[in-house]
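Trainee: Submitted below is the structure of interest, expressed as structure tokens.
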Amino acid sequence: MVKVSVILVSYNTRELTLNAIKSIHEKTKNILYEIILVDNDSCDNTLEQVEKEFQDVICIRNDKNYGFGYANNIGAKKAKGEYIFLLNTDTVLINNAIKILSDYLDTYAVKDNIVAVCGNLYDQCNNPTTSYSKLFPSIALEINTLFFNFMHHLKSKNFHFNFSNKPIQFKGSLSGADSMLVKRHFDSVNGFDQDFFLYYEETDLFYRLIAKGLLVASVPQAKIVHLEGASEQLKEKTLIRSFTSKYLYLKKHKPNYIHAFYHYIYQATLFSRIILFRVLGNNEKLQYWKLLEKIENQVYLESKQ
């Protein structure tokens, strides 16, 4: 019986996808798993190359780019595993992470109502990077951003990365880059909300799962490199998608009157960064924050219509 179904979603990320699959094969031992690749109509021959190099991978081709959540839902319907492991194509396993995470769920999924687990994520220079969030989108998080993400620097709080050497359980959101979920719980909430094309879909998913009285866990012994953003180049279209998803999330889970507070606090953040980089004479970062200011304001106004 398949224990874990690894689901990858690709969109014009052929080399990243090949490397991710290679690392799964190289690092995963002593567990029965399957790999399902859902391709969002790539034009770089991703599927053809995967089928050529990895005959064991179950390949599914969408007729257009339906987005991250939609594609994962398709993969989950095909999955035979007790657990589904949502893994980004821009990741590389450092160790036997799939077995480590699966073993943790075997022990604690029922005992402690754990719906999902993740490992520690590192960038390509082996620096810790965001692996989860102990808080869902909130005014507190907006204030944290305003003050240069000060909570992220409190290592003892393990706010976004597990600096302890032991698993921790909490009510929060895991990174969509490496979330292993109990499939029956995923199915119980009908998976990802397909209103989200990209960004915030995992935050919304975990918000709904936590509302059912479940918990998530971080297991630092599982280690994965995340080449963050490699599968989605930073451009204006990407920023628009991110802010659009943010306000969609707020519409679904927060009262309308509070949306303005999120907007004005974030605008204060943007204003502070623009002043900072103007003083520092860093024109590249100045233009970036000015672009953010324009796009966030535009998306906020559109969200009110």
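Trainee: Quick one: helix 97-108 against the long Cα principal axis of the chain, what's the angle to the nearest 10°, folded into 0 to 90?
Mentor: So the helix axis and the longest Cα principal axis differ by about 90 degrees.
Trainee: What's the angle, to the nearest 10 degrees (0 to 90), between helix 283-303's Cα axis and the longest principal axis of the chain?
Mentor: Helix 283-303 and the main axis of the chain meet at about 80 degrees.
Trainee: Do any of 3/223; 77/252; 78/223; 78/157; 3/237 go past 30 Å between their Cα atoms, and which? Intermediate values should be presented prior to the final figure.
Mentor: Details: 3/223 20 Å; 77/252 25 Å; 78/223 27 Å; 78/157 38 Å; 3/237 38 Å.
In this structure, 78/157; 3/237 exceed 30 Å between Cα atoms.
Trainee: Now, a different point. Suppose every K and R has +1 on its Cβ and every D and E has -1 on its Cβ; what is the size of the dipole of the range 35-79 about the Cα centre, in Debye to the nearest 20?
Mentor: 260
Trainee: Restricting to the chain, what percent of DSSP beta bridges are antiparallel, rounded to 5? The partial results should precede the final answer.
Mentor: On the way: 17 of 39 bridges.
Of those bridges, close to 45 percent are antiparallel.
Trainee: For a quick check: sort 1, 151, 180 by the number of other beta carbons within 10 angstrom, fewest at the front. If you can, show how the numbers build up before the last one.
Mentor: On the way: 1 6, 151 17, 180 30.
The order, fewest Cβ neighbours first, is 1, 151, 180.
Trainee: Please give the helix 259-280 orientation as an angle from the longest Cα principal axis of the chain, in degrees from 0 to 90, rounded to the nearest 10.
Mentor: 80
Trainee: So if I average 1/r over every pair of distinct C-alpha atoms in the chain and take the inverse, what Kirkwood radius in Å does that give? Don't skip to the end; give the middle numbers.
Mentor: Values: mean 1/r = 0.0497 Å⁻¹.
Taking every pair of different Cα atoms in the chain, averaging 1/r and inverting gives 20.1 Å.
Trainee: From the square roots a ≥ b ≥ c of the eigenvalues of the alpha-carbon gyration tensor of the range 215-286, which class results: rounded (a/c under 1.5), prolate (a/b over b/c), or oblate? Before the final figure, lay out each step's value.
Mentor: Working: a/c = 1.84, a/b = 1.13, b/c = 1.64.
Judged from the Cα gyration tensor, the range 215-286 comes out oblate (a/c at least 1.5, b/c at or above a/b).
A short reminder: the numbers here are calculations on the coordinates, not readings from a lab. Every value quoted in this text rests on a predicted model; they were computed, and no experiment measured them. For neighbour counting, all protein chains shown are included, and Cβ atoms are generated from backbone atoms with ideal geometry for every residue, glycine included.
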